[in-house]
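Each remark here refers to the structure printed beneath this line.
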Amino acid sequence: MTGSGAILGELFTEAGRADPYPLYTKLHELGPASHVDGTFFVANAYHVINAVLRNPGFGKWGQSAQSIPELAEHPSLTRFNQSILDMNPPDHTRVRRLMATVFTPRRVAALAPAITDIVSNLLDAMADSGADGSPVDFMDSFAFRLPVSVICELLGIPEADRYRFRALMQDVAIALEMITDLSVLAPADVAMLEIEKYFTALVAERRAAPRDDLTSALIHDADQGDGRLSEEELLSNLVLLLLAGFETTTNLFGNGLAVLFDRPQLAAGLRAGTVPVSGFVEEVLRFDSPVQLTSRLAMSDGLQVAGIPVPKGSEVLLLLGAANHDADRFPEPELFDPERPDNVPLSFGAGAHYCLGAALARLEAVTAIPLLLDRFPDLAPAKDAERIRTDRLVLRGYQTFPVVLS
Ligand code: HEM
């Protein structure tokens, strides 16, 4: 095994998942990308990952994974294979265009007042539960509830159903991690079947009585009978929107709060208006990205990654978190600088699969953070209860984050 193979081995251990950044530094020292072994490659430099993401020669596994019997029996995998996250052109282009038509910047911008209302209600509830000085779990009471409420509002999922999705989606998201042992998918499969059942019922309801929501808009497309969106694609992309719509943004809030607690002068600057909130959010995305990696498949012959030939059928692991800490692109990458010039991290990806919800995630963060800091001027980490990270690498964040409000 090459040097990069040993480093990746460490990255997938518990310690590596807890703090991948020193390992990214070691990979940068080896070069911008490397051949790990067989048909497996890894890229860590910003310019290399950016180029692979924008190169149509590199694609996703898509439905090809379903021809492998061991994979095809896992609904947690097959469901994602039929969503845009895992599709290739022309199917990706067809379905992504439909989704972009309903997920418009106008629809996102129009959500601003609703987001402010949701934030105010959540802050009231936090204030109630922490009024006696007892710790409040920031992840569950705020970081999860805000984005799940927003995406459910868009999808038309009733309020009473929303808060049950955190545990279910965390189980489903095991399928997005780098797994070698398929038996770890058992809880992901159970959770996926439950979520599918939920959406099947919701689709039936909205088909019978459409509303002004994304689910009804996508059902309308599926019902045109011209092949623009199959029933399977409808279901898979609704599941994807729900998962992508909150799990990542939840982690943006948790990772951002950790940055603030570790650097109290930043919170003071945000409160005083001397630190720009949009710059702060962008730098959190760079500094501790909620999505640490993705990968691509070489779809044709003659491809290269940083000058290394990559044969057709090879997998290239793209370490977005490493790209965001590439000193050639971001000088002093370990320094948190909300006013970093030309700050364009790869946290939302790039190219054809660039995150469909990037504007929504940013809107939620820039709206919520000032309101949170204004409402709780003495917000602090709880003394006797530690913040605990989820044991995940791809979707990086906290499981619990106890805080006190005063
Ligand atoms: C901080 C929050 C978020 C982060 C860091 C994030 C990150 C990403 C990344 C890295 C990708 C590309 C994956 C790849 O190229 O393999 C992606 C795709 C996607 N994201 Fe997000 N995301 C966030 C929030 C959201 C939200 C709020 C939504 C939806 C409402 C969303 C919906 C999607 C969808 C549908 C895709 C698939 C796009 C495609 O494959 O064409 N994301 N996201």
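The values are calculated or read from the model by the stated rules, or taken from the named source; none is laboratory data. This structure is a prediction, so every number in the text was calculated from the model and none was measured. Glycine also receives a Cβ, built like all others from the backbone with ideal geometry; neighbour counts cover every protein chain displayed. Just the protein is used for accessible areas: all its heavy atoms, side chains included, with ligands, DNA and RNA removed. Shrake-Rupley method; radii C 1.70, N 1.55, O 1.52, S 1.80 Å.
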Is one or more of the residues making up region 189-206 among the small types (G, A, S), within 16 Å of the ligand (Cβ to nearest atom) and surrounded by 21 or more Cβ atoms within 10 Å (Cβ to Cβ)?
no
Counting only residues in region 224-238 that are among the acidic types (D, E) and surrounded by 13 or more Cβ atoms within 10 Å (Cβ to Cβ), the one farthest from D213 (Cα to Cα) is identified as E232
When region 63-80 is checked residue by residue, the ones that are within 15 Å of the ligand (Cβ to nearest atom) and either surrounded by fewer than 20 Cβ atoms within 10 Å (Cβ to Cβ) or in a loop (DSSP other than H, G, I, E, B) (or both) are Q63, A65
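Matching residues to (1) part of a loop (DSSP other than H, G, I, E, B); (2) surrounded by fewer than 21 Cβ atoms within 10 Å (Cβ to Cβ); (3) within 13 Å of the ligand (Cβ to nearest atom):
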| site | (1), (2), (3) |
| --- | --- |
| L242 | no, no, yes |
| F246 | no, no, yes |
| L252 | no, no, yes |
| Q265 | no, yes, no |
| R271 | no, yes, no |
| V275 | yes, yes, no |
Filtering region 1-45 down to residues that are farther than 20 Å from I308 by Cα and not in a helix (DSSP H, G or I) yields F12, T13, D19, P20
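Yes/no matrix, rows are residues, columns are (1) under 22 Å from the mean Cα position of the chain (by Cα); (2) polar (S, T, N, Q):
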{"residue": "Q304", "(1), (2)": "no, yes"}
{"residue": "V310", "(1), (2)": "no, no"}
{"residue": "G321", "(1), (2)": "yes, no"}
{"residue": "L346", "(1), (2)": "yes, no"}
{"residue": "A350", "(1), (2)": "yes, no"}
{"residue": "Y354", "(1), (2)": "yes, no"}
{"residue": "A359", "(1), (2)": "yes, no"}
Cβ pairs under 8 Å, 6+ apart or interchain, first in region 147-170 and farther than 19 Å from T367 by Cβ and away from the ligand (no atom under 11 Å from the Cβ), second of a type in the set (F, W, Y) and open to solvent by 20 Å² or more (accessible area, probe 1.4 Å), ordered by first then second residue, are D161/Y198
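Of the residues that sit in region 112-146 and are closer than 20 Å to P290 by Cβ and not in a helix (DSSP H, G or I), which one is nearest to the ligand (Cβ to nearest atom)? Break it down stepwise before answering.
Residues of region 112-146 closer than 20 Å to P290 by Cβ: 115, 118-119, 122, 137-146.
Right, trim to not in a helix (DSSP H, G or I) and you get 137, 144.
Values: D137: 20, F144: 13 Å.
Among them, the one singled out is F144.
Quick check on F165: is it modelled with pLDDT of 95 or more, aromatic (F, W, Y) and open to solvent by less than 20 Å² (accessible area, probe 1.4 Å)?
On the way: modelled with pLDDT of 95 or more: no; aromatic (F, W, Y): yes; open to solvent by less than 20 Å² (accessible area, probe 1.4 Å): yes.
For F165, the condition - modelled with pLDDT of 95 or more, aromatic (F, W, Y) and open to solvent by less than 20 Å² (accessible area, probe 1.4 Å) - is not met.
Restricting attention to region 322-364, which residues are assigned to a loop (DSSP other than H, G, I, E, B), touching a His at 6+ places or on another chain (Cβ under 9 Å) and either within 16 Å of the ligand (Cβ to nearest atom) or among the acidic types (D, E) (or both)? Walk me through it before giving the result.
The initial filter retains those residues of region 322-364 that are assigned to a loop (DSSP other than H, G, I, E, B), namely 324-350, 354-357.
The next check asks that each one be touching a His at 6+ places or on another chain (Cβ under 9 Å); those that pass are 325-329, 333-334.
Answer for region 322-364, where residues must be assigned to a loop (DSSP other than H, G, I, E, B), touching a His at 6+ places or on another chain (Cβ under 9 Å) and either within 16 Å of the ligand (Cβ to nearest atom) or among the acidic types (D, E) (or both): H325, D326, D328, E334.
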